[in-house]
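All of the numbers you see were taken from the coordinates with simple rules; none came from a lab. Keep in mind that this is a model prediction, so the values were computed, not measured. Cβ placement follows ideal geometry from the backbone for every residue including glycine, while neighbour counts extend to all protein chains displayed.
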Amino acid sequence: MSITSSLAWKNLVSHCQSGMGKESLLNLINMPNRMEEFSIEIGGLYVDFSKNRINGATVELLERLAKEKELAVWIKKLFTGEKLNHTENRAALHTALRSTSTTQNHFEQKIQDDVNEQFSRMEKIVNKIRDGHWRGATGKTIKDIVNIGVGGSDLGPLMITHALQAFKSPVKLHFLSSIDGTQTSNLLKQLDQETTLFILSSKSFTTIDTLSNAETALSWFKKKLRSNIYAQHFIGISTNSEKMAEWGIPKQNQLLFWDWVGGRYSMWSTIGLSIALKLGMEGFRGFLAGAGEMDEHFANTEFKKNIPVMLALIDIWNINFLDIEAKAILPYDARLKYLPAYLSQLVMESNGKSVDRQGNKVDYRTCPILWGEIGSNAQHAFYQLLHQGTQKVMSDFIAIVERDDFNSQLEEEVEQSLSEQQSLTLANCFAQSRVLMLGNEAIPKEMRPKFDDPFKDYAGNKSSNTILLDNISPKSLGKLIALYEHKTFVEAVIWDINPFDQWGVELGKLIAEETRKALAGDIELSGLDCSTQALIKRIKQ
Amino acid sequence: MNISVFGCELTGTVTAGCLAKKGNSVKLVSLDDTLERSKVGINLTYGEPSLAMLVSSQLIKQNLVYSSNWNESIAHADIIIISIPPWFLSVAKKLVERIGEVAKKKILIINQTTFSVGQSKKFEDKIAKIFKERSVFFSVSVLSMPDLISRGTSVEEFLNPSRIILGGDNADALNIVSELMLPFYKQKKYLKIMSSKEAEYTKFSLNAILATRVSLINELANSAELFAIDFSKVKEGIGSDPRIGFNYIDPGCGFGGPSFASDLNYLSEVFEKKGADGRLLSVAIEENETQKEVLFRKAWRFFNNDLANKTFAIWGLSFKPNTSSVDNAPSLTMIKALVAQGAKVIVYDPKANEAFMQSFGDISSIAFADDMYELLEGVDALFLLTEWEEFLTPDFTKLKRLMKQSIIFDGRNVYEPNEMLKEGIKYIGIGRGIVV
């Protein structure tokens with residue numbers, strides 16, 4: 001039975017039709033106790049979801065929907081390692097990688113032991129490299145680390161290491177993902193074979209993008225070095241030890257993770273090696289601990305005070321009842337530049353699905369289009385559409401309370417001007433969400449005549465959340481990312497879909513191989529459609 | 001003259017001893033003013049030739065006495081000498097304040113330490129300010145006379161300096177100090193007078209030039225190997241050019257020492273702070289750090305990237321011969337690198353074993369030998385890091401008999417490749433034409 005025929009869903013439909021669907025934020029925001037009711041704070045992370053078109057009754061009804069979908073049971077299943085990824089017959093146990101003393105008894109001893117063993121091997125490698133004792137084939141210390149990976153093996157580490165750029169690291173990190181080779185050849189020009197180490201990150205160790213870049217790296221090494229290239233210049237991270245060995249990675253340079261870690265959840269595993277190289281193992285453990293705190297909060301908090309649950313239910317309301325089709329992620333801090341790209345994978349690869357767990361076509365909307373950009377830059381780009389476009393968009397504003405990365409060595413004036421810039425950034429963030437909410441009503445009375453113009457009309461009534469992080473630290477980022485992971489999971493539970501597979505991306509890989517053969521002239525073109533044939537012919541001219 | 005030398009490190013001790021030898025009444029004052037006088041007992045473990053003799057003879061004559069009483073020593077002195085290591089600037093500041101607070105007559109200070117460019121002048125201004133607050137009007141002069149002695153030859157160099165750099169702007173003060181130092185420099189042309197800032201900058205510049213020169217020589221020597229050239233022949237050609245000379249053109253496994261490194265780092269940092277261009281100097285410093293591991297890299301390649309469970313003998317720990325100091329010594333870097341690869345290391349140094357133990361940290365993989373041959377038994381290779389005299393002509397027959405494999409990595413190029421070949425010893429020096 002589809003969720004749409006459940007009582008809770010029907011109640012939400014009538015709640016929406018009987019007025020709430022037309023209710024304006026201008027009214028709602030002025031309700032008594034609005035902030036007490038619609039904000040939650042846990043250790044250094046404050047979420048304001050008051051700028052959504054909801055009231056107490058909406059939340060009650062959403063909570064009933066969650067209960068109808070047995071959300072609590074599903075949360076328990078997640079944490080106890082049930083095979084929630086039923087199409088691949090796997091658990092999704094990323095929470096076991098960051099377990100705390102209270103969550104760890106959920107997980108089997110074998111899993112705990114495996115995790116501890118790999119993390120302790122990872123720690124040895126991290127220390128050896130950071131202390132300058134990992135040597136290249138000619139005996140020099142390693143200065144540059146190149147992570148080759150794509151998707152989950154790339155976006156997470158890239159996002160986190162960029163966000164924590166203020167951490168001083170003895171090694172410089174680089175990320176290669178693109179299959180087209182431009183990125184690779186540009187990077188290799190800047191590096192020295194003797195002092196460079198590659199990390200090959202691939203869950204299956206068969207990803208063509210990663211392996212083709214790795215081959216290019218290998219031949220680059222062979223131009224300068226004669227021996228010990230694999231042993232001193234490559235580390236492999238995969239679930240597949242045999243494939244790594246086949247490629248040439250010696251056992252001692254292999255780090256493992258397991259099929260119960262989804263690619264888009266893998267930075268919590270040994271795939272986080274590049275993060276640990278940037279922060280040190282202690283910093284990496286802080287990152288895990290931050291996520292662990294969010295896990296505990298998610299697993300043990302009643303729904304109304306549960307941040308991932310509340311944000312998920314509100315988005316369900318926005319998407320399925322208020323018909324909002326897109327979500328913008330708007331961090332107001334350049335260090336979070338890669339967060340929107342990261343979340344677009346997490347959210348859209350998880351929930352961009354149109355069949356339920358039983359394989360039936362769903363008759364309701366699932367994942368919205370999610371994109372984003374650093375807020376202050378996006379103000380000069382797509383905010384026009386947010387304010388005056390015909391698409392309905394909901395937004396998450398993310399801002400940092402304290403900038404603690406200002407270099408204390410800076411001259412006083414520079415420090416002063418940076419701190420003024422920080423106020424300006426926050427002012428912009430708060431102003432935008434206010435204008436989206438209130439529209440014309442945000443215009444001060446004395447200025448209203450100037451805005452009496454159809455081109456200067458602001459409809460307002462646009463929903464948004466604001467997330468304030470005390471600072472950007474391994475811990476706070478761990479918390480933030482785990483928040484979005486669990487929110488995504490809750491949405492999947494309500495929509496009755498499997499968020500842990502990604503069959504949608506498989507066919508393209510298969511056809512790419514066939515097309516490669518066609519381009520190479522190994523198979524006949526006649527079997528292909530006319531458009532593809534024409535494209536290939538142009539290339540081969 | 002009555003003189004108080006504050007600071008009992010090498011420079012202070014040598015200065016006090018030499019000034020006492022010329023008949024001055026010298027107090028050598030501990031930086032810790034709470035120390036019992038009997039415990040000032042000057043640290044003569046520098047292993048500095050003839051220093052112990054000099055000091056003890058002057059103590060007997062009572063030209064030299066120890067003190068830990070700052071106020072008494074300030075009152076005693078016609079001239080106060082600051083000889084405090086540059087990393088103890090806070091102690092020097094404390095002393096300067098004390099002088100300002102307790103002085104009962106005009107003050108003349110010689111600052112031997114180059115803390116920074118302009119620090120001598122700052123000391124002078126500080127005392128003048130305190131005098132003003134006390135409403136006393138004694139004159140104050142702080143002259144800069146940078147310490148130019150080298151470890152291993154410090155007494156000889158103080159007694160017969162090739163030049164003395166003296167910086168200040170008070171003519172009376174300059175005259176008094178010139179007079180004091182005359183028995184050493186003997187002829188006026190060896191005394192270079194300038195402002196105190198210029199004197200300080202001279203000291204920093206000297207070390208910068210020497211460091212850059214050594215780093216360039218090392219780079220030339222390392223690269224010479226690629227042409228199968230023995231750089232020691234090239235060195236003869238270069239050094240005989242009078243524009244260059246033979247000093248500081250020996251390639252080796254990096255330089256160390258306490259003030260050399262701290263001076264360079266200071267200069268490089270201050271350049272950066274002031275927005276000056278100090279790229280060459282930064283590279284010279286960085287190259288030297290890399291050079292300290294040059295023998296490690298050779299061994300790493302020689303043993304095909306596997307040093308685990310090998311045993312290596314090390315000759316020489318001190319940063320240069322005739323000193324027990326291991327400050328910034330290549331031995332620290334080298335041995336850390338070897339141990340990190342799982343190698344066992346046995347070391348011998350005539351004087352620096354103890355200093356090494358204190359500086360190194362975890363010494364669980366290191367054994368210390370009392371004899372230069374004893375440690376060779378069964379080792380996979382020998383590394384020579386300091387050119388102590390006793391290492392220059394070892395008994396090669398004995399050496400070959402003891403070692404498991406007769407391989408020498410020579411960080412100071414003290415042996416001849418041809419002779420080693422005749423002896424049947426695998427010899428790897430620095431820039432000796434042998435590529436590993």
Point to revise | Cleavage-rule hits, chymotrypsin sites (Phe, Trp or Tyr not before Pro), region B:138-191, DSSP coil, Cβ neighbours within 10 Å at most 16 | key: B:Phe138
Check your understanding: With charges set only on the Cβ (+1 for Lys and Arg, -1 for Asp and Glu), what does the dipole of chain B come to about its Cα centre, in debye to the nearest 20?
Key -> 1040
Revision key, fill the gap. From the Cα centre of region A:442-480 to that of region B:287-311, the distance in Å is 59
Review point. Volume per residue, Å³, of the convex hull around the alpha-carbon atoms of region B:211-428?
Key: 138
Practice item. Distance between Cα centroids, region A:254-270 to region A:278-330: provide it in whole Å. Key: 20
Check your understanding: Of B:Pro242, B:Ala313, B:Cys18, which is farthest on the positive side of the dipole of the protein assembly as shown, counting Cα position, with +1 on Lys and Arg Cβ, -1 on Asp and Glu Cβ, and the Cα centre as origin?
Key -> B:Pro242
Check your understanding: For chain A, what is the percent of antiparallel DSSP beta bridges, rounded to the nearest 5?
Key -> 25
Revision key, fill the gap. In the protein assembly as shown the DSSP beta bridges are antiparallel at a rate, in percent to nearest 5, of 15
Point to revise | Under 5 Å, built H, 5+ apart or other chain: amide partners of B:Met194 | key: B:Leu166, B:Gly167, B:Gly168
Review point. In debye, nearest 20: dipole of region B:211-428 around its Cα centre with unit charges on the Cβ of K, R (+) and D, E (-)?
Key: 420
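As a footprinting exposure proxy, order B:Cys253, A:Cys16, A:Cys429 by other Cβ within 10 Å, with the fewest listed first.
A:Cys16, A:Cys429, B:Cys253
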Exercise for review: Using θ = phi - 60° and the Karplus relation 6.51 cos²θ - 1.76 cosθ + 1.60, list the HN-Hα couplings for region B:247-262 in order, rounded to whole Hz, with x at every Gly or Pro.
Suggested key: 6, 6, 10, 8, x, x, 8, x, 9, x, x, x, 8, 3, 5, 5
Point to revise | Estimated D of region A:472-514 in µm² per second, where Rh is the Kirkwood radius over Cα pairs and Stokes-Einstein applies at 10 °C, 1.306 mPa s | key: 124
Exercise for review: For the pairs B:Lys94/B:Lys351; B:Lys121/B:Lys273; A:Lys189/B:Lys233; A:Lys69/A:Lys305, note any where the Cα-Cα span goes beyond 28 Å.
Suggested key: B:Lys94/B:Lys351; A:Lys189/B:Lys233
**Study point:** Cβ-based charge dipole, chain B, positive-most Cα from B:Val55, B:Gly168, B:Val283
**Key:** B:Gly168
Practice item. Output the relative contact order of region A:119-263, whole-number percent, from Cα pairs under 8 angstrom with separation of 6+ residues. Key: 26
Point to revise | Length-normalised contact order of region A:409-534 in % [C-alpha pairs under 8 Å, at least 6 apart] | key: 14
Check your understanding: Under 5 Å between amide H atoms, partner at least 5 residues away or on a different chain: which partners does A:Leu176 have, H built in plane at 1.01 Å?
Key -> A:Asn147, A:Ile148, A:Gly149
Practice item. Give the distance, in whole Å, between the Cα centre of region B:331-354 and the Cα centre of region B:400-436. Key: 19
Exercise for review: Highest first, please rank the peptides A:267-278, A:211-222 by the mean number of other Cβ atoms sitting within 10 Å of their residues.
Suggested key: A:267-278, A:211-222
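Which of the residue pairs A:Lys278/B:Lys404; B:Lys186/B:Lys292; B:Lys203/B:Lys235; B:Lys122/B:Lys192; A:Lys51/A:Lys353; A:Lys51/A:Lys361 have a Cα-Cα distance greater than 31 Å in the structure shown?
A:Lys278/B:Lys404; B:Lys186/B:Lys292; A:Lys51/A:Lys361
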Practice item. For chain A, evaluate the Debye formula with one uniform point scatterer on each Cα (no solvent term) and list log10 I(q)/I(0) at q = 0.09, 0.10, 0.12 Å⁻¹, rounded to two decimals. Key: -0.74, -0.90, -1.23
Revision key, fill the gap. If unit charges are put on Cβ atoms (+1 for Lys and Arg, -1 for Asp and Glu) and the dipole of chain A is taken about its Cα centre, the option from A:His162, A:Met294, A:Leu386 lying farthest towards the positive end turns out to be A:His162
Revision key, fill the gap. By the DSSP-based rule, helices of chain A that are at least 30 Å long along the axis (C-alpha) and have a mean Kyte score of at least -0.5 are A:273-300, A:412-438, A:474-495
Review point. What percent do you get for the relative contact order of region A:1-143 when only Cα pairs under 8 Å and 6+ apart count?
Key: 13
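Quick check for me: using +1 on Lys/Arg Cβ and -1 on Asp/Glu Cβ, what's the dipole size of the protein assembly as shown about its Cα centre, in debye to the nearest 20?
1200
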**Study point:** Residue order, fewest to most beta carbons within 10 Å, for A:His486, A:His297, A:His133, A:His387
**Key:** A:His133, A:His387, A:His297, A:His486
**Study point:** In order through region B:135-142: 3J(HN,Hα) via Karplus (6.51 cos²θ - 1.76 cosθ + 1.60), integer Hz, x for Gly, Pro
**Key:** 6, 10, 10, 6, 6, 10, 9, 10
